[in-house]
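Here it is, the structure, as structure tokens.
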């Protein structure tokens, strides 16, 4: 059902993109928009992960640079039956994380230094398991393509608004209707992006809890990240708001128009779902704590990178 819903929403975004192209240049504009959309998606498929990581100043770390964090990701990847993703750390005080990559074989996970400083090992594991669930569900490609199309719609609509839209007779809305459509198109694209993002977050929460074996640690992590995100500004995310939906918690401060619509479901609702999941897990959980944390040593507070 989620795959079908995502396909419908992506088709809607593409149709909206073609409609804006038509309003700008009639049939020629629609054809150009189609060609541009195909080219944009092809570029995003091969390069979007590198672009996103570069935007946020992420640096790749190996077992020598950050042994405990790297080992944690390797352990979680084994639990999820996934190939080992590339591991990145962002020098950013706001606790947050995201995953990217076109498929599980070409995936990467990234965490901020703030996440590694402020959260316990179990909480970090819950967060990174959530990101691995996105990879396992192949959400990262869908989310990247959605962001790319939505961004292209905004760019094309702004271009059309600047030139006043297509005033030719083949524009059924006329000049004023075309301009109105060009104002509304980015908002519609944003709503579609939100719908996809919110659906995927709940699924990744459940998948992450199953991978880590500890729903409550992910729940407490979400609470801490949510609280810190409102107090600690993420400058790189504010400069690149189109990537906000990739993070486990919305990294934007909410002080700008970019955060008028949230791309994430309500954190309290997510925590409530995880608490219900923990109650379901409770009868089958063993007192010995077998699972990803059976051999875990206490983690001292402080950066892992």
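Identify all residues within the range 77-124 that are touching a helix residue (DSSP H, G or I) at 6+ places or on another chain (Cβ under 7 Å) and without any contact (Cβ under 8 Å) to a residue 24 or more places away in the chain; write none if there are none.
84
Identify all residues within the range 125-139 that are over 9 Å from residue 217 (Cα atoms) and either at pLDDT 95 or above or touching a helix residue (DSSP H, G or I) at 6+ places or on another chain (Cβ under 7 Å) (or both); write none if there are none.
Answer for the range 125-139, where residues must be over 9 Å from residue 217 (Cα atoms) and either at pLDDT 95 or above or touching a helix residue (DSSP H, G or I) at 6+ places or on another chain (Cβ under 7 Å) (or both): 128, 129, 130, 131, 132, 133, 134, 135, 136, 137, 139.
Just give me the residues in the range 91-103 being at pLDDT 95 or above and surrounded by fewer than 22 Cβ atoms within 10 Å (Cβ to Cβ), in sequence order.
91, 93 - these are the residues of the range 91-103 that are at pLDDT 95 or above and surrounded by fewer than 22 Cβ atoms within 10 Å (Cβ to Cβ).
If residue 274 meets every condition in (1) surrounded by 18 or more Cβ atoms within 10 Å (Cβ to Cβ); (2) farther than 14 Å from residue 115 by Cα; (3) modelled with pLDDT under 90 apart from one, which number is that one?
Exception for residue 274: condition (3).
When you go through (1) part of a loop (DSSP other than H, G, I, E, B); (2) over 20 Å from residue 251 (Cβ atoms) one by one for residue 94, which number turns out not to apply?
Against the list (1) part of a loop (DSSP other than H, G, I, E, B); (2) over 20 Å from residue 251 (Cβ atoms), residue 94 comes up short only on (2).
For the range 44-69, what are the residues that are in a helix (DSSP H, G or I), surrounded by fewer than 18 Cβ atoms within 10 Å (Cβ to Cβ), under 23 Å from the mean Cα position of the chain (by Cα) and touching a residue at least 40 places away in the same chain (Cβ under 8 Å)? Full working, then the answer.
Just the residues of the range 44-69 that are in a helix (DSSP H, G or I), to begin with: 44-55, 67-69.
From what's left, surrounded by fewer than 18 Cβ atoms within 10 Å (Cβ to Cβ): 45-47, 50-51, 54-55, 67-68.
Next, from what is left, pick out any that are under 23 Å from the mean Cα position of the chain (by Cα): 45-47, 50-51, 54-55.
Answer for the range 44-69, where residues must be in a helix (DSSP H, G or I), surrounded by fewer than 18 Cβ atoms within 10 Å (Cβ to Cβ), under 23 Å from the mean Cα position of the chain (by Cα) and touching a residue at least 40 places away in the same chain (Cβ under 8 Å): 45, 46, 55.
Sticking with this one: Show the residue pairs meeting these rules: Cβ distance below 9 Å; 6+ apart or different chains; first residue within the range 206-222 and surrounded by fewer than 20 Cβ atoms within 10 Å (Cβ to Cβ); second residue part of a loop (DSSP other than H, G, I, E, B).
Close Cβ pairs satisfying both conditions: 210/80; 220/119; 220/120.
The values are calculated or read from the model by the stated rules, or taken from the named source; none is laboratory data. This structure is a prediction, so every number in the text was calculated from the model and none was measured. Here the Cβ is made from the backbone with ideal geometry for all residues, glycine too, and neighbour counts use every protein chain on show.
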